[in-house]
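Every number here is computed from the coordinates shown, using simple stated rules; none is lab data. This is a predicted model, so every value here is computed, not measured. As a convention, Cβ positions derive from the backbone with ideal geometry for all residues, glycine included, and neighbour counts pool all protein chains shown.
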Amino acid sequence: MAGEGWEAMLNVECSMLNERNAAEVAPASSFNIEHSTFNIQHSESPHSTPHTLLPYAAMSTVAPLPPPSERLMALDVFRGITIAGMLLVNNPGSWGAIYPPLEHAPWNGWTPTDLIFPFFLFIVGVTTHLSLSKRDPNTLTLKIIRRGLLIVLAGLLLNAFPFFWWGKMAGIPDPTFLQRVLWRAQHLRFMGVLQRIGIAYIAAGLLTLRTTAKQQIAIVAALLLGYWFVMTLVPVPGTGTIGYFLLDQPEKTLAAWSDRLILGTNHIWASTKTWDPEGPLSTIPAIATAMLGIFAGRWLTDKRRPLLERIAGLYGVGCLGMVAGELWSWVFPINKNLWTSSYVLFTAGFACVMLATCLWILDIHQIRGWARPFVVYGVNPLVAFVGSGIMARCIDSLFKITIDGKKTSLHQASFDAFFSPYFPDKFASLLWGLAFVTFWLGILWLLHRRNIIVKL
């Protein structure tokens, strides 16, 4: 499946479709199809719809014209849905009251929450192809590395914010500000969401820059099969057995051992202390997720086929990917924290289906009224993710008020005052999260109206 499926299946002819229509699609504005990793280029008007498709004049009887550029609204909407979902699941009113679909799976398996990160990484792959395909490969290597490193740096700075430790410090009853700064540096988490995105972007961009489609398929197969073999057949030091028998013990997997070896226990995820969900070893298959997104982007921009045929191809390969992932999970479980090979295939297939659905609704049937908020989220994802992360750190840990003689975070105080007394616990927690998402929609809308898009 990994060696044949993704690029080959996307080229299967859809025999049930009609012959190509004489009318193609053309943009309603001067857009081309370029996207950056985190954002899109935009029009002169701050209020124009980012992706618009309209029919154009009849075909020439003299010589065929090159296929026109397309700007597909679905790309921004799918990315916007993903970012809004990320903010929702990361910011409940209370971590003790969450509906099951808004929680990660305890270990093996998946919930809708476990789809969000791979969906975004898949979209990074799609937009990587769109942004790089029309540029001179000789000029791209340094640009790819530079952009990827900037994304990693943004993740490190977000992890470090506010650049000092605000809580208690063992053995130091009254620490100085310098001691708090040093403690923060000594316990800084090195990995994270943006760090994984940056690394995967660099690797996927460079691996697809000068290689053929067949070579890229072979690379994806090698990444997924190699990771499977390493995680299951290599003995885990200190355990006396191979990794396959330890996959259900988070702290004993080969990925956890490599996290502690490479990062050190002071620089991994504080919630676990023994392993990191974005650790170095499990980032390797994440590169395959981004590369599969590049394959989808290549198929989507192949305007030799009508858009409807390309959508059908995404549906077909997406369903096959989901089935292949489920079958592989019998021997290598679907697991977000380990980013298992079965998880890569399943989530990439699911992403193809979701993207195809957005294309069918938005760009074929032009049903767009519901999508405007997600477009706003989709064109400024970096602001949404970094800004919301900084805000969450502030209202959860830094800014506190005194209520009945007790210091309480702004997050807790607002939840207790406006949500918890009036609604059941889980519903109140969901409403607080939706209010958080709406607040950031307002900020992003203001940026959108002023045509401000932050990019790296």
Report task. Apply the Karplus parameterisation 6.51 cos²θ - 1.76 cosθ + 1.60, with θ equal to phi minus 60°, to every residue of region 155-161 and state each ³J(HN,Hα) to the nearest whole Hz, in sequence, with x for glycine and proline. Result -> x, 5, 5, 5, 4, 7, 3
Report task. Please turn the phi angles of region 438-451 into ³J(HN,Hα) values with the Karplus equation 6.51 cos²θ - 1.76 cosθ + 1.60 (θ = phi - 60°), one per residue in order, whole Hz, x for glycine and proline. Result -> 5, 4, 6, 4, x, 5, 5, 5, 4, 5, 5, 5, 9, 6
Query raised in the report: Can you list the chymotrypsin sites (Phe, Trp or Tyr not before Pro) in region 388-456 that are in a DSSP coil and have 15 or fewer other beta carbons within 10 angstrom?
Result: Phe399, Tyr422
Requested in this report: Give the shape of region 166-280 as rounded, prolate or oblate, defined through the alpha-carbon gyration tensor: a ≥ b ≥ c are the square roots of its eigenvalues, a/c under 1.5 means rounded, and otherwise the shape is prolate if a/b is larger than b/c and oblate if not.
Outcome: oblate
Query raised in the report: Among Gln366, Thr289, Ala384, whose Cα lies farthest out toward the positive end of the dipole of region 277-399, if unit charges sit on the beta carbon of Lys, Arg (+1) and Asp, Glu (-1)?
Result: Gln366
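Chymotrypsin sites (Phe, Trp or Tyr not before Pro) within region 76-156: which are DSSP loop residues with at most 11 other Cβ atoms inside 10 Å?
For chymotrypsin sites (Phe, Trp or Tyr not before Pro) across region 76-156 that sit outside H, G, I, E and B with at most 11 neighbouring Cβ atoms in 10 Å, the list reads Trp95.
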Query raised in the report: If one computes the Cα centroid of region 404-445 and of region 293-344, what distance in Å separates the two points?
Result: 37
